[in-house]
Each structure stands twice: as structure tokens, then as C-alpha cells.
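The values are calculated or read from the model by the stated rules, or taken from the named source; none is laboratory data. On a predicted model such as this, the values are computed, not experimentally measured, just so you know. Positions of Cβ are generated from backbone atoms using ideal geometry, with glycine treated the same way; all protein chains shown enter the neighbour counts. Keep in mind that these areas ignore ligands, DNA and RNA; they rest on the heavy atoms of the full protein, side chains included. Shrake-Rupley method; radii C 1.70, N 1.55, O 1.52, S 1.80 Å.
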Amino acid sequence: MSKKFLFVNENIFTFNSGTEFSAMNRIKLFKQNNVDAKIVTRNFNPSLHQEIKKYGIDDDDIINMYDYFQGEMGPKKHHEYLRYSNLVDKHEYKIDGVDNNKSYIEKLGQRVAKVSIFPLTVGEIGNVDYYDNFGNVASRDVFDYRGFKSKEIYMHPDGQIGHELVFNKAGQPVMEITHMNIGDQVLPTMFKLLNYKGNIYRFNTEDELYSFFLNEISDKDTVIINDRPSLTAAVGNVNNTKHKYQIMHNEHTEDASQAGNPNAKLFDNLNPLFDNYQNSYAGVITPTQAQSNDLQKRYPKMNFYSIFDSAILEIHKPVANVTNHEITYMGRIFRDKNVAELISIIPAVKQTIPDVHLTMMGYFESAQFKNELEEIIKQLNVQDSVSMIDYKAGKDKQNVLEKTRVLVQSSKGEGLSMALIEGLQYGIPEVAYDVNYGPNEIIDDDKNGYLVESGDLGKFASRVIDVLGNDEKHQQFSNHAIEKSDKFSAENVMKQWNQFFETI
């Protein structure tokens, strides 16, 4: 097909949510099937081309707005090592290496700058903070992972950002960003493109600039698929193509149990789509047919499509004879994921399975929330039975899942659940709350796991015990999990996309 697909997102982060993982999974699926597609990100991110390598994403799979206007969208070709950089005239300045993470630059014994080494590199320049005569940071140079100065930031005396210049690789400014006081905050108030195609363009917000950028890379055959509700307006205002779609990754109502109620309160971030931009979008893609049906009743004039938001690209053969009693939660460790309930069932499980261990793997909502969970662990006296670890990728994540005997999830609502789908490809039995929308698409109750009524902690604990304590049942559930994984295979998910292509 002649269409070009753009998957619109804010960023690829160090710690990503299911939204970013869905987009990265989708780009791999489309590449396997020779469909022209790119992930398109808005945010300035000097680490972007470093981060995507962790997830098997190539440089030419992604277009970043700032990269585009800098004229620098390729891979890393240069290493800007501090010791050999022209940044420092060794005849006038001395480099004082403090540790592997930072060095100071001194002149006549006075500290004039601090160089922060780019994360996960050896001696390459990250940020350079320049000090005024009073020791305050007056300006900052930001280097891209690919080895060039990407931005200069000039500070107000109180340390807040006043002005920014974005540079191309040749050192020429291509963009100015002005910050001013808005109420009691200093915020960006103007984005100015400098000499872009011979002209100067001014924008009040980053999203206005993003709409302009999306128009620049789009034509009538471009299909824009927006992954982020926060970008609804930016995508809605693109006029070079009529093929604009919103993907939903989560349930749409604040009370997930009321998702079928047309009067239930929507999440606030969805109001712009349904209240202001209905006519700007050709349709909405949901991960389950049930959610499409519920939304169709609520918005009968809109087009809704159902496509799983994750495909299993490979099957990992289950590790033979997994006899440990390891249970795992994988995903965002946020309040809305209701993860404290997983900790609360451990004392009950321990009464029957004394060596049970729960690993919670993900990134945390905040340090405060992590502290709250640690306090719950102490109060329940299960310090030896619960571990909380950062999210893992690649082989490190595989090592965790291969040792997992039961995958658990306690969300009150889901769009589909990439974590539960990923568990299938490892043949892991699963226990989750039976909530809208995803778990009952993935778990066949009493076949590859258990579905439990939301909030029934006693039943949840007993179901976990049932799988952990019965090797024969565990094996049966594991076999069925592998069988169930075919539903979400790359072939079957691509069939859904091909059916969608026929509607464009």
C-alpha cells in the first residue's frame, strides 16, 4: 500500500509506559510486514538515540521534531570526549576530573564550569554548566548523545530558564525558545524557527510548532496515529492529511466498572478528543472490541476500530521444571495500578507457601509512593518475601520472566494489558482482576490462569496458592498460555491492521 504511517508520541523515555512500548512493538510489526512507518516524537531529548537502542529501535525508525529542524536525524557518528574536545583550551583552562560522572573546569584556580558526563558513556560530554562570578549557573550547554552541542540555555538570576537556542550540528542556531513569567511560573511563551526554508516562523506553544512540523512531514497519503491524548489538539490541527486516528491504550472512564454507561465520567484527558476534535479525526482505535462497542454507543457518529495494541513477535520456550514460588508484577508501579493489594495478599499466601516471593518490576510513580509501599512491606513483616526493582529490558527482563511461576495484576481497569500478553509468550499462568477491558481477553479462567472479582483479596490469594502449590495444574495452565499466545501473534494482529487498512 502507498500509505505512510506516523505514530505520534511525546517521547521515548528512560522509563516508559505501555503507550511507548505499544508504539515500539507496532513499529517492529510494521517493519516485519514492509509497511512504511515511523515513530514521531515531540520532546527535545538529547538521549533519544541512546534510549531507543535498549528496545531494538533503529535510528531510521524514528523522527524527532527537534532533530528534524536541526537537520540531524541519523545515527551517532562522533564521540565528543571531554579530554580531546575543543570546548576547553588546555593552555588557559585546567580540567579537574572529580569522578566518572563529572569534571570541573578551572582558570587560575577559580572554578568556571562543571561538565557532566553523558550517562552510560565514558568521558563524553553531556551538560556543561557555566558559573558567574558568584558561583551561580548562568548558562548551560546541552550536548546530544551523537556528539554535538544541541542547545544553549541561559538562566535568570534565580536559576530559572530565560532563553534557549537550539543548534544544528554545524553550530548554527535553528530555533529560539523564550521563557517569561506566567503567573508565578516561568514558562516557554514563544518558539521561533530561524531561517527555516528562508523564513522565520513564530509559535506560541510547543504543540503549535508540533502541528506545523507534522504538516511538514505529511501529505494526503500520510496516516497519523496519535498515541497520546495530550497531543489530541496538536494532531487535530494538522491539515495536510485527513487520515488521523487516536489510539486508546486504557479504559476511558474514571470508574472502569461504569465503562458501558454512556453517562459515566470520562477521564479528563479524553475530553478534547470527544468534545472538540471529533470532526478532525477519522476514527478511534481501541485494543478490544468490547471497548469499541461501549464507545460506539456513547458516540454514534464516530468511527471505532478494534486492534490489539501489542503483538507477540516471538515465543520464549518456558523454562522446564520451574519449581520456585516466584510471583511477578510487571508494569508501572503507580497508585492507579492498585499494586498495594498485591503486597497485602502475601501474608495469606505465606501461610500455605512459606517461600513465596513477589517481585514488583517497574518504574515508580514517585519516591514518596515507593516509600509508602516499603512501609506497607514492613508493617506486614514481609521484607524477605517482596522485592521492588526497576523496570528491566532485553535479557534482564527475560531473566525475571523465566523465573516467574505466576504473573499477577491488580488493576481496577485496563485497556488490554501488555504485561499479561507478554506473560503468555513465556507460558506463565496469570491471576488478575476481571475488569474492563483486557484481562478476560487474555486469561481463560481456570485454563491459563484465574480471573478474580475486583477487590476480593481472599480469592486472589487462594488462586495464587492454587497455581503455586499444584505442579500438575501449573503445567496445564502453562501449556494453555502458550496456546493462548497465538491469539496475539504477529500474524493475527497484522490481520487486524490489514482489515483496518482497507477502511482508509
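Values of log10 I(q)/I(0) for segment 326-488 across q = 0.13, 0.15, 0.16, 0.20 Å⁻¹ run -0.55, -0.74, -0.86, -1.42, by the Debye formula with one identical scatterer at each alpha carbon and no solvent.
The stretch between THR503 and ASP99 holds 139.7 nm of extra length on full extension. This uses 0.36 nm per residue minus the Cα-Cα distance.
Heavy-atom accessible surface of SER257, to the nearest 10 Å², is about 90 Å², with a 1.4 Å probe and all protein chains retained.
Pairwise Cα distances in segment 421-504 exceed 16 Å in 56 percent of cases. Under 5 Å from the amide H of ASN64 lie the amide H atoms of THR41, each residue being 5 or more positions distant or on a separate chain, with H modelled from the backbone and absent for Pro and chain starts.
Measure out, as a whole number of angstrom, how far apart the alpha-carbon centroids of segment 417-480 and segment 238-298 sit. So the two Cα centres are separated by 28 Å. For segment 217-273, the mean projected area of the C-alpha convex hull, equal to one quarter of the hull surface, is 4.3 nm². When restricted to Cα atoms, segment 368-408 yields an Rg and a Dmax of 12.6, 34 Å, respectively.
The average projected area of segment 93-218, computed from the convex hull of its Cα atoms over all directions, is 10.0 nm². Would you please classify the overall shape of segment 1-53 from the alpha carbon gyration tensor, given that a ≥ b ≥ c denote the square roots of the eigenvalues, rounded means a/c under 1.5, and beyond that prolate means a/b larger than b/c while oblate covers the rest? Prolate is the answer for segment 1-53, as a/c is 1.5 or above and a/b outweighs b/c.
The accessible surface of the chain, taken with every protein chain in place and a 1.4 Å probe, is 45 percent carbon and sulfur. For the residue pairs LYS169/LYS392; LYS28/LYS392; LYS90/LYS114; LYS337/LYS397; LYS4/LYS484, the alpha carbons lie more than 27 Å apart in LYS169/LYS392; LYS4/LYS484.
Surface calculation, 1.4 Å probe, protein heavy atoms: ASP219 sits at approximately 70 Å² accessible. Solvent-accessible area per residue in the chain equals 45 Å², computed with a 1.4 angstrom probe and all protein chains kept. Relative to the longest principal axis of the Cα atoms of the chain, helix 367-379 runs at roughly 30 degrees. Its alpha carbons considered, the chain gives a radius of gyration followed by a Dmax of 25.2, 75 Å. Please identify which residues in segment 17-55 have an amide N closer than 12 Å to a label point set 7 Å out from the Cα of SER230, following the Cα→Cβ vector. Taking a point 7 Å out along Cα→Cβ of SER230, the residues of segment 17-55 whose backbone N falls under 12 Å are 17, 20, 42-44. The angle separating the long axis of helix 471-484 from the principal Cα axis of greatest extent in the chain is about 60 degrees. Taking the longest Cα principal axis of the chain as reference, the axis of helix 490-501 is set at about 70 degrees.
In sequence order, segment 139-153 has phi-based couplings of 7, 9, 9, 10, 9, 7, 3, 7, x, 9, 6, 9, 7, 10, 10 Hz under the Karplus curve 6.51 cos²θ - 1.76 cosθ + 1.60, θ = phi - 60°, and Gly or Pro positions carry x.
Taking 0.36 nm per residue of separation and subtracting the current Cα-Cα distance, fully stretching the chain between TYR81 and GLN110 would add 8.2 nm.
Structure shown: which of LYS149/LYS395; LYS31/LYS487; LYS378/LYS403; LYS192/LYS370; LYS3/LYS53 lie over 30 Å apart, alpha-carbon to alpha-carbon? In this structure, LYS149/LYS395; LYS192/LYS370 lie more than 30 Å apart at Cα. Charge tally for LEU295 (other residues, Cβ to Cβ under 12 Å; Lys, Arg +1; Asp, Glu -1): +1. A dipole drawn for the chain from +1 and -1 charges on Cβ atoms has a positive end, and of PHE143, ALA290, LEU194 the residue lying farthest that way is LEU194.
Taking all Cα pairs closer than 8 Å and separated by 6 or more residues, the relative contact order of the chain comes to 10 percent. Restricting segment 227-314 to GluC sites (Glu not before Pro) that sit in a DSSP loop and have at most 12 other Cβ atoms within 10 Å of their own Cβ leaves GLU314.
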